[in-house]
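Student: Before anything else, here's the structure in question.
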Amino acid sequence: MVGKLGDVLTRALDLPLGYAINWGRIWSLWPVHLETACCSVEFGAASGPRYDVERFGIIEAFGSLRQCDLIVVQGTVTRKMAPRLRMVYDQMPDPKYVIAMGACAITGGLYIDSYNVLPGIDGIVPVDVYVPGCPPRPETLIQGCMLLQEKIKRSKIR
Amino acid sequence: MGLEIVKETEEDRLMTLSVGPQHPGSGHFRFTIKVDGDYIVYCDPDPGYVHRGEEKMCEYRNFIQNIPHLERPVIHDSTNITYSYSLAVEELTNIQVPLRGQYIRALASELNRQVYTLYWLGIYGIFLGHSTMFMWPVGDRELFIDLLEALTGARVTHAFNIPGGIRNDMPEGFKDRCLRQVAYFEKRLDEYEDIFYNNPLFRQRTEGVGVLTKEDAIKLGVTGSVLRASGIPFDVRKAEPYDVYNEIDFKVQYMKTGDSFARSMVPFLDMRESCQIIRTLLDKMPQSGEVRAKLQPNPKGPAGESYKRVESGRGALGYYIVSDGTPKPYRVKLSVGSFRNMLALPYLLIGSKLADMPSIYWSLNYWPVEADR
Amino acid sequence: MSSNQSKTQNDSNQKGKATESPQTSLSTKTEAAVPEFEASIINQLVTRFTDKVIKVVYVRPGRTKILVPPNEIVNVALFIKDTIGLDHAESVSGTDYPKDDQIEVIYHLSSYSDEKLSSHVLALSTRVDRNDSRLQSLIDVFKSAEYHERETFEMLGVYFEGHPRNDRFLLPEDWADIPPLRKEFRIKGR
């Protein structure tokens, strides 16, 4: 009986409350400070004064990663870095999102035949948005963030 | 039951910290330190998180195909790392570069030096918590990147230098744009000095911290601005001039104190000198001419080896290439500035306070992607 | 492939379309003569240790290379540091020659304190057997070679005796394959 009540409430409140919750999530995506390889230069440039991601609410919170909800995997992930990436992903609280930035994070990119490089991060973490480029321009990264915002808008509260 | 007083042993007092790859103060690099209260007593660097096997990959591609992946280790200073490679390959395959190509190559190298130093200053600001020191250099860097984009076609990964010269000529009106940018930037450098280097908090955090004496700098074999901050005026462009640098007159900037403040000041003085060099290069450049030597589709030379070095933004970058007569190199070894400067990290951190760690670590000019190759 | 011929820098253009001759300071005006300053360094070495120990591979303007047997390398290095005056190692690397069944370890040495020597790089090389590659470490002579030697151990399998840590450095901790820079290690697909 209580379970049924819970279901009814969730479905009734989904439209108004869900909109408010998603609005809050969209405009305050905080990325973890985890640079994986050379694309971090363009991420740094995106936080600069010309391509300002801070107006989208994306502030690189230098606190602990327990307060963050976005990982931007910037560049090549090597076999030494892969377990640490998974550990960082596991420590983040729900809901969390992953952006794969750069060709090396999507499929291994230029380094696909190296002995120490993972061909893409799909095997370790579930990816939401893929941003291609080598390295992607800061505007491309901002477009990737906007796509992620669209995706969050369509999601339901749980 | 009686209470036992437990004696505190040496091991109980030390705490092990792992400043790991996910840390706002370390980048993609890990080092383990043991602290006794506030002082660091042990440090062990652990690189390799971005080791992509560059040297092995070079053996499977021919000389020209190696350029794109070789410029990724130092992505924000990519012209210099391919400059050194092109010089070494030109020596092996006996290619002569036309004069105008050499001048434009040197000009791109100087512009990259500015771009690199500005990014380094920006990240230094993040480490010290000075957010203006992040915003101003990164903003000014965008203007230089516009220039480089007009010259080469890409923001950071130019693939501009190839063995034999450069890929394409300067566009029209580039010289005036460049001179205007340099004039604007020199005025900005005076503002930087006021806001960043004359700031009493910055001085307190960096003066007297992590002193590297002259003898130790020579013994540890450090390079670049770390070496010049300890009193040794060594610059590859002056000691062993390559291309057109023997016609350019400039002074090697150095300081004698060897602390973190000197290591932060020397790149800034280098930037000022670099503006002068850009003006001289634009002045002396021949007005017309070829920029690239004609190459065979698969250039190759007789069996031999060569070692060439170039002054990149970080220090002396050397390439040791062995060729066996085929179009693919037999062995390529990069000797990068970060790997050599890493030896000074445990040496300087032991005995200093934990709070001084960011300023020592970043002033040593260490970029993990370059050291791992 | 293992013998390097000595050539001067002034080879005229065979493949270049140069409008004016580029001026590099490494191009001397001598035709086939051996440069003097570099020759004097080599002569000092050859007089101190005999011809049997030092084999001169090439002498070029600014670059020289000598080959010594592995058991003499510490003595030669001490002489280079104390008498000739080169004071640090720029890089230490190894090359795998499976055809000769040897691995060549090469130290590039240069100087910061002496001005005339600072443009000169002396390559000190030695060859060890591929199947049993052990070598005396030069860490007591040139401290700057510490991390480079550790990397050569990891990438090629050359064990340096006297080095405090012959350990994993750049590769992941669970690397279970042969050292990657050996020629029998093929990368996938090629």
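The values are calculated or read from the model by the stated rules, or taken from the named source; none is laboratory data. On a predicted model such as this, the values are computed, not experimentally measured, just so you know. In this analysis, Cβ positions are derived from the backbone assuming ideal geometry, glycine residues included, and neighbour counts consider all displayed protein chains.
Student: Which ones in region C:92-123 are among the polar types (S, T, N, Q) and either more than 8 Å from every other protein chain (Cβ to nearest Cβ) or in contact with a helix residue (DSSP H, G or I) (Cβ under 8 Å, 6 or more places away or on another chain) (or both)?
Tutor: C:Ser93, C:Gln102, C:Ser110, C:Ser111, C:Ser113, C:Ser118, C:Ser119
Student: Run B:Arg155 past the list (1) of a type in the set (Lys, Arg); (2) under 27 Å from B:His69 (Cα atoms); (3) assigned to a helix (DSSP H, G or I) and report the number of the one that doesn't hold.
Tutor: With respect to (1) of a type in the set (Lys, Arg); (2) under 27 Å from B:His69 (Cα atoms); (3) assigned to a helix (DSSP H, G or I), B:Arg155 is out only on (3).
Student: Before we move on, is C:Ser113 surrounded by fewer than 19 Cβ atoms within 10 Å (Cβ to Cβ) and under 30 Å from B:Gly231 (Cβ atoms)?
Tutor: Yes.
Student: I would also like to ask the following. Considering only helices (runs of 4 or more DSSP H) fully contained in region B:52-101, which possess at least 2 residues that are closer than 18 Å to A:Gly109 by Cα?
Tutor: So the answer is B:54-58, B:66-70.
Student: While we're looking at this one, here's another question. Taking region B:281-306 as the search range and keeping residues that are buried (at least 16 other Cβ atoms within 10 Å of the Cβ) and within 22 Å of B:Val252 (Cβ to Cβ), which one is nearest to the chain's Cα centre (by Cα)?
Tutor: Per the stated criteria, the residue is B:Leu281.
Residues checked against (1) in contact (Cβ under 8 Å) with a residue 40 or more places away in the chain; (2) among the aromatic types (Phe, Trp, Tyr); (3) in contact with a helix residue (DSSP H, G or I) (Cβ under 6 Å, 6 or more places away or on another chain):
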| site | (1), (2), (3) |
| --- | --- |
| B:Glu207 | yes, no, yes |
| B:Val211 | yes, no, no |
| B:Glu215 | no, no, no |
| B:Thr223 | yes, no, yes |
| B:Val226 | yes, no, yes |
| B:Ser230 | no, no, yes |
| B:Ser260 | yes, no, yes |
| B:Ser264 | yes, no, yes |
| B:Arg279 | yes, no, no |
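Student: Of a type in the set (S, T, N, Q), touching a strand residue (DSSP E or B) at 6+ places or on another chain (Cβ under 9 Å) and at pLDDT 85 or above, is that true of A:Thr78?
Tutor: For A:Thr78, the condition - of a type in the set (S, T, N, Q), touching a strand residue (DSSP E or B) at 6+ places or on another chain (Cβ under 9 Å) and at pLDDT 85 or above - is met.
Student: Among B:Ala303, B:Ala316, which is touching a residue at least 12 places away in the same chain (Cβ under 8 Å) and within 25 Å of B:Asp77 (Cβ to Cβ)?
Tutor: B:Ala316
Student: Consider region B:11-42. How many of its residues are crowded, with 16+ Cβ neighbours inside 10 Å, touching an Asp or Glu at 6+ places or on another chain (Cβ under 7 Å) and not in a strand (DSSP E or B)?
Tutor: 2
Student: Another question, then. Give region C:68-101 a look and list any residue that's surrounded by fewer than 18 Cβ atoms within 10 Å (Cβ to Cβ), under 23 Å from B:Asp324 (Cβ atoms) and touching a residue at least 40 places away in the same chain (Cβ under 8 Å), or say none.
Tutor: Hits for region C:68-101 are C:Pro98, C:Lys99, C:Asp100.
Student: Restrict the check to region C:166-187 and report whether at least one residue is part of a loop (DSSP other than H, G, I, E, B), of a type in the set (Val, Ile, Thr), within 11 Å of chain B (Cβ to nearest Cβ) and surrounded by 14 or more Cβ atoms within 10 Å (Cβ to Cβ).
Tutor: yes
Student: Run B:Thr157 past the list (1) farther than 25 Å from B:Asn80 by Cα; (2) in contact with a Ser or Thr (Cβ under 6 Å, 6 or more places away or on another chain); (3) not hydrophobic (A, V, I, L, M, F, W, C) and report the number of the one that doesn't hold.
Tutor: (1)
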